[in-house]
1. Just give me the residues in the stretch 18-52 being part of a loop (DSSP other than H, G, I, E, B) and among the aliphatic types (A, V, I, L, M), in sequence order.
2. Filter the stretch 19-31 for residues that are among the β-branched types (Val, Ile, Thr) and within 12 Å of LEU3 (Cα to Cα); which is surrounded by the fewest Cβ atoms within 10 Å (Cβ to Cβ)?
Amino acid sequence: MVLNFGFNQNLGSTQPDLQVQLLQQVILHPATARRVKDTLVELFAKRDGGRARAGAQADAPKKV
């Protein structure tokens, strides 16, 4: 998984074109990407008072 971090050049502008300056790129192992995603979902759920969006819930553990 690759995470790209950038800066929106048109923030607050009424222009329809999106111009983003890429600042950093982070390459993650799939297991690490899953942990990052689960942590972000947890943090957003706490921030929102437990009102996590349906599509952003952490994956349930898979039975093997």
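Taken together, the values in this text are just the output of simple stated rules run on the coordinates, not laboratory data. Just so it is clear, the structure is predicted and the values come from calculations on it, not from any experiment. Note that each Cβ is placed from the backbone with ideal geometry, even for glycine, and that neighbours are counted across all protein chains shown.
1. Hits for the stretch 18-52 are LEU18, LEU28, ALA52.
2. Step one: filter the stretch 19-31 for residues among the β-branched types (Val, Ile, Thr), giving 20, 26-27.
Remaining after also requiring within 12 Å of LEU3 (Cα to Cα): 26-27.
Working: VAL26: 12, ILE27: 9.
It comes out as ILE27.
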